[in-house]
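Trainee: Below is one structure. I have some questions about it.
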Amino acid sequence: MSKISVARKPFIVGVMGSHKNNHAAMKDACRLGEEIAKRGHVLLTGGGRGVMKAASEGAHMAGGLVIAILPSERKLPLEGYPNEFVDIPIYTGMYDARNIITAKTPHVMIALSGGPGTLSEIAVALKSGTPVVGLNCPEFEVAGGGIFIRVKTVEEAMREVERILKFVKRKS
């Protein structure tokens, strides 16, 4: 059973990263999903394998709510989408263009190892004002007021997420 209370308008935290099975990134993603759920936030992912599945599993095991922005349509699902830990699958039929939704929906995004899809999500997030916490990510030049915070551990990532969400809470 989910610990999420919609009466208090929960924060949405996105976890983005590779669909490949990178063991270190998947371990971090699982811990991130768990920590996000324990704090009462909603997890948003792309709903597939790799980092997306690991974060979803961590949140699911901690009783959290997992939303996935899926690339395919319901009647034409892609293999591996949604993973079995997704509570609310959103079928877009937008394939890579769905990255705009995954980048603009969360209050804050955590990015882990990934490829072009993850990079596009980071770029859209920064351009649209979604703060990004990069866990073991390369440094990015950010112009126009975007927020990119580079960290090395799950604990640092969650500290930065909570700091950002306090600012978001005060602002709203």
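Trainee: Would you say Ala68 is at pLDDT 95 or above and either hydroxyl-bearing (Ser, Thr, Tyr) or surrounded by 24 or more Cβ atoms within 10 Å (Cβ to Cβ) (or both)?
Mentor: Criteria met by Ala68.
Trainee: Then there is this: Criterion first (modelled with pLDDT of 95 or more and either at negative phi or part of a loop (DSSP other than H, G, I, E, B) (or both)) does Glu34 satisfy it?
Mentor: Yes: the conditions hold for Glu34.
Trainee: Of everything in region 29-58, what is hydrophobic (A, V, I, L, M, F, W, C) and over 25 Å from Gly93 (Cα atoms)? Give them in sequence order. So that I can check it myself, show each step before the final result.
Mentor: Our first condition is that a residue be hydrophobic (A, V, I, L, M, F, W, C); within region 29-58, this holds for 29-30, 32, 36-37, 42-44, 51-52, 54-55.
Of everything in region 29-58, those that are hydrophobic (A, V, I, L, M, F, W, C) and over 25 Å from Gly93 (Cα atoms) turn out to be Ala29, Cys30, Leu32, Ile36, Ala37.
Trainee: Also, I was wondering about something else. Name the pairs whose Cβ atoms lie under 6 Å apart, with the first residue in region 8-30 and more than 11 Å from Lys53 (Cα to Cα), the second loosely packed, with under 13 Cβ neighbours inside 10 Å and among the hydroxyl-bearing types (Ser, Thr, Tyr), and 6 or more positions between them or separate chains?
Mentor: Pairs found: none.
Trainee: Here is a follow-up. For the condition surrounded by fewer than 17 Cβ atoms within 10 Å (Cβ to Cβ) and free of Cβ contacts under 8 Å to residues at least 60 places away in the same chain, what is the one hit in Gly115, Gly40, Gly58, Gly48? Full working, then the answer.
Mentor: On the way: Gly115 fails: free of Cβ contacts under 8 Å to residues at least 60 places away in the same chain; Gly58 fails: surrounded by fewer than 17 Cβ atoms within 10 Å (Cβ to Cβ); Gly48 fails: surrounded by fewer than 17 Cβ atoms within 10 Å (Cβ to Cβ).
Being surrounded by fewer than 17 Cβ atoms within 10 Å (Cβ to Cβ) and free of Cβ contacts under 8 Å to residues at least 60 places away in the same chain holds for just one of Gly115, Gly40, Gly58, Gly48, which is Gly40.
Trainee: Here is a list of conditions, (1) modelled with pLDDT of 95 or more; (2) touching a helix residue (DSSP H, G or I) at 6+ places or on another chain (Cβ under 9 Å), and Tyr91 meets all of them except one; can you say which number that is?
Mentor: If we test Tyr91 against (1) modelled with pLDDT of 95 or more; (2) touching a helix residue (DSSP H, G or I) at 6+ places or on another chain (Cβ under 9 Å), just (2) comes out false.
Trainee: Out of all the residues in region 94-112, which are of a type in the set (A, V, I, L, M, F, W, C) and out of contact with any helix residue (DSSP H, G or I) (no Cβ under 8 Å at 6 or more places or on another chain)?
Mentor: Matches in region 94-112: Ala97, Ile101.
Trainee: Spot the failing condition for Ser56; the list is (1) part of a helix (DSSP H, G or I); (2) at pLDDT below 95, and only one is missed.
Mentor: The single condition Ser56 does not satisfy is (2).
Trainee: Additional query: Mind telling me which of the residues Glu79, Glu84, Glu73, Glu34 ends up being of a type in the set (Asp, Glu) and surrounded by 15 or more Cβ atoms within 10 Å (Cβ to Cβ)?
Mentor: It is Glu34.
Trainee: Output the residue which, of all residues in region 97-112 that are out of contact with any Leu (no Cβ under 8 Å at 6 or more places or on another chain) and surrounded by fewer than 22 Cβ atoms within 10 Å (Cβ to Cβ), is nearest to Glu162 (Cα to Cα).
Mentor: Here the answer is Lys104.
The values are calculated or read from the model by the stated rules, or taken from the named source; none is laboratory data. Owing to the predicted nature of the structure, the values given are computational and were not obtained by experimental measurement. Cβ sites come from the backbone with ideal geometry, for glycine too, and all protein chains shown count toward neighbours.
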